[in-house]
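Worksheet: one structure, shown below.
The values are calculated or read from the model by the stated rules, or taken from the named source; none is laboratory data. On a predicted model such as this, the values are computed, not experimentally measured, just so you know. Positions of Cβ are backbone-derived with ideal geometry, glycine not excepted, and every protein chain shown enters the neighbour counts.
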């Protein structure tokens, strides 16, 4: 038995702090945590025990755990009494990261409602679609984003954060948190995920999934700490560790933001620091130094932007003890450079693989294991199973590439109002078909072939080419087009469009970019354009051969140990 297996057994075995047991979940026998909360409201209630420890820091605003619970209770009361929000109602949230975003989430979930997390980068057209699709009872947004849709009639009451949110916390004595019964398989969140068929789909997430995410991440964090303590892997003279503090630069409408930064940190009593503006690497370093940040999720291009900044050595970043990655491939070279830039976190780099549909989890890796396997996405998370299947849905042996499938008690409940897509994605036995291509090695580690799928991972944002292709194809002077991802040093991948003009037409890239930006968020607009006169290469079935356009072979496999 390996050291890792011994520690896992110690933590999850009988009487262990994370004891696992088998229960029937969604008609299937699966492992779950024996001692667990049944709703995220229970997580919130327990967080009051952290008292005057700080939970949210943003600019001059500093909110303790005890104060946070009281504020959320007031907001929940106002949402119920003034806006009629009840169990099962949807509340849409369209805003930048803020204390108000965080408190709105906890208030809606405490009522048994469903928060619909709108992407703050969406255009008016994308917001209009999501509002019509999810039919929220209330839309809460900041001024900048509400201005974006001021010409639209969404048929939804709106509440502006800057001028109206404070009113939700006024009046009367502090109430108790809502007492409406919540089942752990009740829905509490809808996350919109870009889809291969064009319009985004709303993944419906349960209380069980979010509680499971928090407990699973806590288990693996302790497991990694114990492995490091009993191995030769050490950080570079870290000295006395400061109090745990997480800097949040990940958008909260992402699972990396809401799940890890908001929910998991609350369960651990950790201070979370938010910024007031768009990502700025020097301001990030300023906050790291000022607040003595110990944890940071370097999503997308943020890690490279910080370590490449000419002012980096002017800041004391020695407090950093842990760095997480996710949302985009993290090259071995970037991992190496991050360890060099943050030596006190060198032994505690980690990453994971998961989707909105999988409850945010699938595999996890960090510490010594990531050093040894820098291109791996890790081993299955606790209570998760990974299987690689061929085109006939048959399991494949180790070493062979196929579609990645994930099985766990924490999968999404389904796609909102889309039973057909749900049935295609969640297969019998509670197996999720991810659409991603990968392989398992003999030891069970997952390696993902990121170029074998159509999705583009641009600075942590999932971009599906078909949505962009549909918009470009609608231009009257476009004959055909294909959208692909191309390597980019800071973004991971950039979006490139290859366009063939209609007969007799003349195309200008700037005009095509403006056309695309009219209905799609800026991160989806191609930054590279290629206008070609020859027809796009296609196979016998008429499918565009994007591997020919990008110069890759059809059977490319880029991940190796």
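Only a single item in (1) more than 20 Å from the chain's Cα centre (by Cα); (2) without any contact (Cβ under 8 Å) to a residue 40 or more places away in the chain is not met by residue 351, and it is number (1).
Quick one: which residue in 495, 483, 499 is in a strand (DSSP E or B), buried (at least 21 other Cβ atoms within 10 Å of the Cβ), modelled with pLDDT of 90 or more and in contact with a helix residue (DSSP H, G or I) (Cβ under 6 Å, 6 or more places away or on another chain)? Break it down stepwise before answering.
On the way: 495 fails: in contact with a helix residue (DSSP H, G or I) (Cβ under 6 Å, 6 or more places away or on another chain); 499 fails: in contact with a helix residue (DSSP H, G or I) (Cβ under 6 Å, 6 or more places away or on another chain).
Criteria check complete, one pass: 483.
Do the conditions hold for residue 221, that is, is it surrounded by 14 or more Cβ atoms within 10 Å (Cβ to Cβ) and either in contact (Cβ under 8 Å) with a residue 60 or more places away in the chain or out of contact with any helix residue (DSSP H, G or I) (no Cβ under 7 Å at 6 or more places or on another chain) (or both)? Here the answer is yes, as residue 221 does meet what is asked. In the range 71-85 there is at least one residue that is in a loop (DSSP other than H, G, I, E, B) and in contact with a helix residue (DSSP H, G or I) (Cβ under 7 Å, 6 or more places away or on another chain).
Yes or no, residue by residue, for (1) exposed (fewer than 15 other Cβ atoms within 10 Å of the Cβ); (2) outside the structural domain of residue 173 (by TED's automatic domain parsing); (3) in contact with a strand residue (DSSP E or B) (Cβ under 6 Å, 6 or more places away or on another chain); (4) closer than 30 Å to residue 380 by Cα:
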{"position": "28", "(1), (2), (3), (4)": "yes, yes, no, yes"}
{"position": "33", "(1), (2), (3), (4)": "no, yes, no, yes"}
{"position": "41", "(1), (2), (3), (4)": "no, yes, no, yes"}
{"position": "54", "(1), (2), (3), (4)": "no, yes, yes, no"}
{"position": "69", "(1), (2), (3), (4)": "no, no, no, no"}
{"position": "75", "(1), (2), (3), (4)": "no, no, no, no"}
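When the test is whether a residue is touching a helix residue (DSSP H, G or I) at 6+ places or on another chain (Cβ under 9 Å), assigned to a helix (DSSP H, G or I) and farther than 21 Å from residue 202 by Cα, residue 145 does not pass it.
Look at residue 437 and say whether it is within 30 Å of residue 4 (Cβ to Cβ) and touching a helix residue (DSSP H, G or I) at 6+ places or on another chain (Cβ under 7 Å).
On the way: within 30 Å of residue 4 (Cβ to Cβ): yes; touching a helix residue (DSSP H, G or I) at 6+ places or on another chain (Cβ under 7 Å): yes.
Yes; evaluated as a whole, the condition is true for this residue.
One residue is enough: does the range 339-355 have a residue meeting the conditions surrounded by fewer than 21 Cβ atoms within 10 Å (Cβ to Cβ) and in contact with a strand residue (DSSP E or B) (Cβ under 8 Å, 6 or more places away or on another chain)?
Applying the first criterion (surrounded by fewer than 21 Cβ atoms within 10 Å (Cβ to Cβ)) to the range 339-355 yields 339-341, 343-344.
Then keep just the ones that are in contact with a strand residue (DSSP E or B) (Cβ under 8 Å, 6 or more places away or on another chain); that gives 339.
Checked against the condition, which is being surrounded by fewer than 21 Cβ atoms within 10 Å (Cβ to Cβ) and in contact with a strand residue (DSSP E or B) (Cβ under 8 Å, 6 or more places away or on another chain), the range 339-355 yields at least one hit.
Restricting the search to the range 403-417, which residues are in contact with a strand residue (DSSP E or B) (Cβ under 6 Å, 6 or more places away or on another chain) and outside any strand (DSSP E or B)?
Narrowing the range 403-417 to residues in contact with a strand residue (DSSP E or B) (Cβ under 6 Å, 6 or more places away or on another chain): 403-407, 409, 411-416.
Matches in the range 403-417: 409, 411, 412, 413, 416.
Is there a residue in the range 94-101 that is outside any strand (DSSP E or B) and either within 20 Å of residue 207 (Cα to Cα) or assigned by TED's automatic domain parsing to the domain that holds residue 521 (or both)? Within the range 94-101 (the criterion being outside any strand (DSSP E or B) and either within 20 Å of residue 207 (Cα to Cα) or assigned by TED's automatic domain parsing to the domain that holds residue 521 (or both)), the answer is yes, since at least one residue qualifies.
Can you spot a residue in the range 460-479 that is part of a loop (DSSP other than H, G, I, E, B) and closer than 30 Å to residue 333 by Cβ?
Yes, some residue in the range 460-479 is part of a loop (DSSP other than H, G, I, E, B) and closer than 30 Å to residue 333 by Cβ.
Condition check ((1) crowded, with 24+ Cβ neighbours inside 10 Å; (2) assigned to a helix (DSSP H, G or I)) across all residues:
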| residue | (1), (2) |
| --- | --- |
| 258 | yes, yes |
| 267 | no, yes |
| 278 | no, no |
| 285 | no, yes |
| 288 | no, yes |
| 296 | yes, no |
| 305 | no, yes |
| 310 | no, no |
| 313 | no, yes |
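Can you tell me which residue in the range 338-347 is nearest to residue 487 (Cα to Cα), limited to those that are in contact (Cβ under 8 Å) with a residue 40 or more places away in the chain and outside any helix (DSSP H, G or I)? Once the filter is applied, the top-ranked residue is 346.
Sort out which residues of the range 102-142 are within 26 Å of residue 467 (Cα to Cα) and assigned to a strand (DSSP E or B), and write them in order of number.
Hits for the range 102-142 are 115, 116, 117, 139, 141.
Scanning the range 326-337 for residues that are buried (at least 18 other Cβ atoms within 10 Å of the Cβ) and either assigned to a loop (DSSP other than H, G, I, E, B) or over 21 Å from the mean Cα position of the chain (by Cα) (or both) yields a count of 5. Count of the range 397-425 residues, restricted to those that are surrounded by fewer than 18 Cβ atoms within 10 Å (Cβ to Cβ) and free of Cβ contacts under 8 Å to residues at least 24 places away in the same chain, is 5. Scanning the range 291-320 for residues that are touching a strand residue (DSSP E or B) at 6+ places or on another chain (Cβ under 9 Å) and modelled with pLDDT of 95 or more turns up 291, 292, 293, 294, 295, 296, 319, 320.
Give 364, 323 a once-over and let me know the one that is more than 26 Å from residue 207 (Cβ to Cβ), in contact with a strand residue (DSSP E or B) (Cβ under 8 Å, 6 or more places away or on another chain) and crowded, with 21+ Cβ neighbours inside 10 Å. Outline the logic, then answer.
Numbers: 364 fails: more than 26 Å from residue 207 (Cβ to Cβ).
Checking each option against the conditions leaves just 323.
Figure legend. Inter-residue proximity from the range 518-539: first residues in the same structural domain as residue 482 (by TED's automatic domain parsing), second residues assigned to a loop (DSSP other than H, G, I, E, B) and at pLDDT 90 or above, beta-carbon distance below 7 Å, spacing 6+ or different chains. Indicated pairs: 519/123; 520/123; 521/119; 521/122; 521/123; 531/507.
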